Amino acid sequence: MRSEEMGETMIHPLNCREVTTRLALGDIEQYTWMDRFMIRFHLFICWVCRKYERQMKVIGLHFQRVARQEGLKQAAPNFKERLITRLQHL
């Protein structure tokens, strides 16, 4: 998010790919306050990313409901790690 140029820290706005990747990875509270601000600012100005965020929430809720109904107690042993790795390489 930040670039060093001539000894000064420059902040550039996040693009849609950066924001959606971070949203897909989950908990944005793990990021610094500036990163969280930039994500929220981007969501404020970009209706497409806001829609993506809503869709991710709906998918998560539906997945949880299906998991409860089907009695799925646990995902594959390394499912979360594999998913995060694949999302990071998009």
Worksheet entry | Among (1) among the hydroxyl-bearing types (Ser, Thr, Tyr); (2) at pLDDT 90 or above; (3) out of contact with any Cys (no Cβ under 8 Å at 6 or more places or on another chain) - the single one Thr20 does not satisfy | (3)
Fill in: Flag for Gln30 being in contact with a Leu (Cβ under 9 Å, 6 or more places away or on another chain) and surrounded by 10 or more Cβ atoms within 10 Å (Cβ to Cβ)
no
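The values are calculated or read from the model by the stated rules, or taken from the named source; none is laboratory data. Quick caveat: nothing in here was measured; it's all calculated off a predicted structure. Neighbour counts run over all protein chains shown; Cβ positions are idealised from the backbone, glycine included.
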